[in-house]
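Input: a single structure, listed below in structure tokens.
The values are calculated or read from the model by the stated rules, or taken from the named source; none is laboratory data. Fair warning: this is a prediction, and the values are worked out from it, not measured in the lab. For neighbour counting, all protein chains shown are included, and Cβ atoms are generated from backbone atoms with ideal geometry for every residue, glycine included.
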Amino acid sequence: MSDLHSEHLRFTSKKHTSSASSDRNNFFYEIISTLESTGVHFRTSIDPGSYVPAHLHQAIEIIYLLEGSLTVTIESTIREYHAGECILINSDVIHSTKCTAPNKAILFQIPLTFLSIYIPDADQLVFNLDNPNNSDIRRTKLDIFKDTLSKMQIINDIRPEGFALRFNSLLFEVLFQLFHNFSVRIVHSNQPQRNKDRERLNKILEYTRQNYHRHISIEEVANVAYLQSRYFCRFFKKNMGITFLEYQNELRLSYIYQDIISTNDTIKDILERHGFSNYKLFRRIFYEHFESTPTEIRKMRGKSISTQK
């Protein structure tokens with residue numbers, strides 16, 4: 001059924017390279033395809049391990065964990081989710097994820113452009129699946145929501161004749177549930193400026209992903225956004241919550257982590273490949289994120305794979 005997919009929705013940029021490591025480097029910064037017959041992205045995700053640094057996209061993202069756990073940072077809030085829990089990330093919200101052990105999940109992304117076709121001013125909606133007061137009514141609504149996602153997963157995995165009919169009926173059911181049970185409307189008085197800032201930020205992030213493996217000066221990246229260097233630093237910190245140098249190192253770390261768990265290359269070669277020249281800084285940042293050294297991570301991954309076999 002591969003002909004049902006179309007790579008026309010860009011959530012994150014794809015890193016192009018002619019080296020032998022190109023497949024490894026494309027592990028998450030890819031053009032995520034949508035189903036032409038549905039307009040959304042939906043799949044069962046099996047993640048052997050990954051670290052995805054701060055990013056954003058114009059889509060509502062829902063992750064329903066089926067097995068394992070996932071650490072998610074949404075803006076400044078960090079939380080570890082476990083099997084049976086649902087994570088919802090609103091459109092244009094900065095977030096990152098960390099998976100240090102294999103997990104399985106339903107990944108569901110709803111482009112804001114698609115949602116806006118059926119819900120007027122969809123960009124003014126904020127969705128929330130949390131149940132802070134442990135309400136029985138809200139818990140029931142969440143159970144129904146997760147059950148609908150599970151039905152979507154079954155029909156998407158099996159793909160019987162007439163798949164689009166059944167999948168779309170479930171899709172609109174889950175959108176109805178989101179709209180009526182889990183949304184509030186918030187009007188931003190400065191929406192035009194917010195849109196302008198997001199477009200500018202997207203250019204910066206795109207440029208950084210394409211050139212992360214080399215030194216990028218503040219002057220260079222500021223020119224991409226047509227900003228003065230001093231204002232650029234304030235703009236980036238305000239929108240991303242970290243400095244540009246911190247972001248570039250986070251981006252490098254994500255690729256480095258993937259190569260550590262998926263290749264036998266030396267740590268020195270991996271760092272050079274991804275432009276991390278300060279080994280002492282790398283070790284400190286790596287330990288802050290994973291509470292282990294690269295060598296320890298490799299040993300733990302080896303034991304995990306052996307146990308699964």
In the stretch 254-286, residues that are among the aliphatic types (A, V, I, L, M) and either in contact with a His (Cβ under 7 Å, 6 or more places away or on another chain) or at positive phi (or both) total 1
Test: residue 281 is aliphatic (A, V, I, L, M) and either within 29 Å of residue 196 (Cα to Cα) or surrounded by fewer than 16 Cβ atoms within 10 Å (Cβ to Cβ) (or both): yes
I'd like the full set of residues that are surrounded by fewer than 16 Cβ atoms within 10 Å (Cβ to Cβ) and either without any contact (Cβ under 8 Å) to a residue 60 or more places away in the chain or in a helix (DSSP H, G or I) (or both), limited to the stretch 263-278. 264, 265, 266, 268, 269, 272, 277, 278
Among the numbered criteria (1) buried (at least 17 other Cβ atoms within 10 Å of the Cβ); (2) at pLDDT 95 or above; (3) farther than 18 Å from residue 146 by Cα, which one does residue 85 miss? (3)
Checked 81, 118 against criteria (of a type in the set (Phe, Trp, Tyr) and within 19 Å of the chain's Cα centre (by Cα)); the one match is 81
Wholly inside the stretch 51-110, strands (runs of 3 or more DSSP E) that include 3 or more residues that are touching a Ser or Thr at 6+ places or on another chain (Cβ under 9 Å) and not β-branched (Val, Ile, Thr) are 59-67, 77-82, 95-99
Among the residues of the stretch 172-209, how many are exposed (fewer than 15 other Cβ atoms within 10 Å of the Cβ), over 15 Å from residue 124 (Cα atoms) and of a type in the set (Val, Ile, Thr)? 0
Only one of (1) out of contact with any Asp or Glu (no Cβ under 6 Å at 6 or more places or on another chain); (2) under 21 Å from residue 49 (Cα atoms); (3) buried (at least 16 other Cβ atoms within 10 Å of the Cβ); (4) free of Cβ contacts under 8 Å to residues at least 40 places away in the same chain is not met by residue 251, so which one is it? (4)
Tell me, yes or no, whether the stretch 191-211 has at least one residue that is in contact (Cβ under 8 Å) with a residue 40 or more places away in the chain, assigned to a helix (DSSP H, G or I), aliphatic (A, V, I, L, M) and closer than 22 Å to residue 63 by Cβ. yes
Hey, does the stretch 113-127 have a residue that's out of contact with any helix residue (DSSP H, G or I) (no Cβ under 9 Å at 6 or more places or on another chain) and among the aliphatic types (A, V, I, L, M)? yes
Give the stretch 118-130 a look and list any residue that's more than 10 Å from residue 182 (Cβ to Cβ) and surrounded by 11 or more Cβ atoms within 10 Å (Cβ to Cβ), or say none. 118, 119, 122, 123, 124
Considering 55, 95, which residue is touching a residue at least 24 places away in the same chain (Cβ under 8 Å) and surrounded by 20 or more Cβ atoms within 10 Å (Cβ to Cβ)? 55
Six or more apart or on different chains, Cβ under 6 Å: which pairs go from a residue in the stretch 164-178 that's under 15 Å from residue 129 (Cβ atoms) to one that's modelled with pLDDT of 95 or more and in a helix (DSSP H, G or I)? Could you list them? 174/148; 177/145
Report yes if residue 301 is among the charged types (D, E, K, R) and either surrounded by 14 or more Cβ atoms within 10 Å (Cβ to Cβ) or in contact (Cβ under 8 Å) with a residue 60 or more places away in the chain (or both), otherwise no. yes
Output for the stretch 130-149, where each listed residue is without any contact (Cβ under 8 Å) to a residue 60 or more places away in the chain and either in a strand (DSSP E or B) or touching a Cys at 6+ places or on another chain (Cβ under 8 Å) (or both): 142, 145
Tally of residues being modelled with pLDDT of 95 or more, acidic (Asp, Glu) and either surrounded by 13 or more Cβ atoms within 10 Å (Cβ to Cβ) or within 23 Å of residue 184 (Cβ to Cβ) (or both) across the stretch 68-82: 0
